[in-house]
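Student: Pasting in a structure now, in structure tokens, and then I'll have a few things to ask.
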Ligand SMILES: C=Cc1ccc(O)cc1
């Protein structure tokens, strides 16, 4: 058991941000977990909201330092969903805007999966169903966890979300001191 929640971390440079793992709750109640895997890649897991249960690895993203301790991340997904995040981690907050195509709003369950194994289905669905009007979700979020997962840590986001997972992470019951998953009965995990 290791308490890796580093809410007092101070951010200045891009290097301070890359390799950091966050959990946050949007003001609409949606809880997300997001990992800046390297300077052009993100992984994430969705714990609450319209597409709770969805998780994604190796999403290409634009990751930029705007000014001291302020970061902008933007990407477009195989579903056609676009995302722009502005992190102000020293104030434990961010602003996220998600632009969902109409089909994700109409059929969110199609996207609730480990997306990496269903890229074809995402591409087929975005052609088959409607794109417009898009559903825009602009929200502030409060950061509840900051962890130094390190760059290209494949264990940070490595299994489907489960009830209580974010509490396990925040309470230090999920990762060991090397930021590897602690093996637990009843939960799948990826071998070290
Ligand atoms: C749709 C993905 C997504 C990932 C992180 C976040 O904060 C908002 C949206």
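No value in this document is a laboratory result; all are computed from the given coordinates. Everything quoted here is computed from the prediction, not taken from an experiment. Neighbour counts run over all protein chains shown; Cβ positions are idealised from the backbone, glycine included.
Student: Fully extended, how many nm does the chain gain between residue 116 and residue 92 (0.36 nm per residue separation, minus their Cα-Cα distance)?
Tutor: 5.7 nm
Student: Additional query: With 10 angstrom as the radius, rank 124, 10, 134 by how many other C-beta atoms surround their C-beta, starting from the fewest.
Tutor: The order, fewest Cβ neighbours first, is 10, 124, 134.
Student: Here is a further query. Counting alpha carbon pairs within less than 8 Å and at least 6 residues apart, what relative contact order, in whole percent, applies to the range 14-170?
Tutor: It rounds to 29 percent for the range 14-170.
Student: State the extension gain, in nm to one decimal, for the chain segment bounded by residue 38 and residue 67, taking 0.36 nm per residue of separation less the distance between their alpha-carbons.
Tutor: 8.5 nm
Student: Take residue 2, project a point 7 Å from its Cα along the Cβ direction, then tell me which residues of the range 148-169 have their backbone nitrogen under 16 Å from it.
Tutor: 148-158, 169
Student: Would you give the gap between the C-alpha center of the range 83-97 and the C-alpha center of the range 33-51, rounded to a whole Å?
Tutor: Cα centroid to Cα centroid, the span is 13 Å.
Student: Right, here's the next one. For the chain, what does the alpha-carbon gyration tensor say about shape, rounded, prolate or oblate, given a ≥ b ≥ c as the root eigenvalues, a/c under 1.5 as rounded, and a/b over b/c as prolate?
Tutor: Oblate.
Student: Now for a separate question. May I ask for the angle, rounded to the nearest 10°, between helix 119-128 and the longest principal axis of the chain, with both axes built from Cα atoms and the value confined to 0 to 90°?
Tutor: 30 degrees
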